[in-house]
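Structure first, commentary second.
The values are calculated or read from the model by the stated rules, or taken from the named source; none is laboratory data. Please read these numbers as outputs of a predicted model, since none were measured by experiment. Please note: Cβ atoms are built from the backbone with ideal geometry, for glycine as well, and neighbour counts cover all protein chains shown. These area figures cover heavy atoms from the full protein model, side chains too; ligands, DNA and RNA do not enter into them. Shrake-Rupley method; radii C 1.70, N 1.55, O 1.52, S 1.80 Å.
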Amino acid sequence: MDLSEFLYDLPGDAVAQAAIEPRHDSRLLDTRDMGDHRFRDLPRLLAPGDLLVVNETRVRAARLIGKRRRTGGRIELLLLEKTGDGRWQALAKPARRLRPGVEIEFDGLSAVVRAEPADGVVVVELDTEDESAIEKAGQVPLPPYFTGELVDRSRYQTVFAKSFGSAAAPTAGLHFTDRLLKDLVKGGVGMATVDLHVSMDTFRPITAERIEDHQMHSEWCSVPVATSQAVARARQAGRKVIAVGTTVVRTLESLADGEGGVRSGSKTTDLFIRPGFEFKVVDTLITNFHMPGSSLLVLLASFMGSRWSQAYQTAIDRGYRFLSFGDAMLADRSRT
């Protein structure tokens, strides 16, 4: 399939440049009937016994700004994932002049480049494996298209964030508040968690003309035993499994057991969900509105079928806010 099939005109003023407060006051488009709601209305849009699955990953302060030790030139690294022995894959700016052996100094730590850059990504070795030292030296990375001001950086963390590991937030989860979670439980909706460490492929655009030629990088994901059991109970009761965000979809489908359930355990996944993919676990998806030509939009098109285009045009026409700090949509899986 051509990439052009997953493009649309995104008006510049549709990109959210501020975070709605409280979080649950963001808008929610129910694509099942194209109804307009607020996210706080979610409990009445779901049924008792449905299972809501969220990604509990936490965004690390992965943006490091420093300088080359010998020349003083500015270098910015976005730590993506550990490769072992204190080494990381990192998105570097600028990357073209970084060579093995180049030393970079940051606030309280340093790094040495260990491999040639490829597609802007380098392998660096930090002088510490202490996450707290990285947190102290780094900044929480905000999306490059977000030019607004975020006074409280914790606004880029979900309320259920626990384990450090991500270079970006699972943004569909940013709409939840403690109050909303209580309302969902009160309404009989089950809650379960997975963990996927968001890395470059969650936000990297597709550059290949044919989407089949796009190569996904690996991301670590995990499903707890309790979540595997909760999915099994929902299946037995004939209720829906609802994924909060594309990262949850990729996690559940990567560990699908082939019988409608999901295995517990962890793995690295390079699963690229595109049209023709057979979904085995997820029935309903809650997600933000994604960038044109992204793997996230391809996943959504795979899930919804051709109705994704109608939903996006409806959202644009009605003034919905797009991307990380924007509004959300609710979609059932296409059965055709």
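Please indicate, with yes or no, whether at least one residue in segment 33-52 is closer than 30 Å to R210 by Cα and modelled with pLDDT of 95 or more. Scanning segment 33-52 turns up no residue that is closer than 30 Å to R210 by Cα and modelled with pLDDT of 95 or more. Give the residue that is surrounded by the most Cβ atoms within 10 Å (Cβ to Cβ), with candidates limited to residues of segment 39-79 that are over 24 Å from the mean Cα position of the chain (by Cα) and under 30 Å from S218 (Cβ atoms). Looking at residues that are over 24 Å from the mean Cα position of the chain (by Cα) and under 30 Å from S218 (Cβ atoms), I get I75. Residue count for segment 200-210 under the criterion of being at pLDDT 90 or above and crowded, with 20+ Cβ neighbours inside 10 Å: the result is 0.
Applying a threshold of 6 Å to beta carbon distances and a minimum spacing of six or more residues, or different chains, the list of pairs starting in segment 22-43 at a residue that is over 22 Å from S154 (Cα atoms) and ending at one that is assigned to a loop (DSSP other than H, G, I, E, B) and at pLDDT 95 or above reads P43/G187. For segment 90-111, a tally of residues being more than 17 Å from A167 (Cβ to Cβ) and hydrophobic (A, V, I, L, M, F, W, C) returns 4. Within segment 243-292, the set of residues being under 21 Å from V189 (Cα atoms), free of Cβ contacts under 8 Å to residues at least 40 places away in the same chain and hydrophobic (A, V, I, L, M, F, W, C) comprises just one member, V262. Screening segment 219-336 for strands (runs of 3 or more DSSP E) wholly inside it with 2 or more residues that are at pLDDT 95 or above and open to solvent by 50 Å² or more (accessible area, probe 1.4 Å) returns the ranges 265-269. Of everything listed in (1) free of Cβ contacts under 8 Å to residues at least 24 places away in the same chain; (2) touching a Lys or Arg at 6+ places or on another chain (Cβ under 9 Å); (3) within 16 Å of S324 (Cα to Cα), the single unmet condition for R74 is (3).
Quick check on segment 2-38: of everything there that is of a type in the set (A, V, I, L, M) and in a loop (DSSP other than H, G, I, E, B), which residue is least open to solvent (accessible area, probe 1.4 Å)?
Just the residues of segment 2-38 that are of a type in the set (A, V, I, L, M), to begin with: 3, 7, 10, 14-16, 18-20, 28-29, 34.
Next, only the ones that are in a loop (DSSP other than H, G, I, E, B) stay: 7, 10, 16, 18-20, 34.
Numbers: L7: 92, L10: 44, A16: 6, A18: 51, A19: 28, I20: 53, M34: 24 Å².
Restricting to residues being of a type in the set (A, V, I, L, M) and in a loop (DSSP other than H, G, I, E, B), the top hit is A16.
Scanning segment 59-79 for residues that are among the β-branched types (V, I, T) and either part of a strand (DSSP E or B) or in contact with a Pro (Cβ under 7 Å, 6 or more places away or on another chain) (or both) returns V59, I65, I75.
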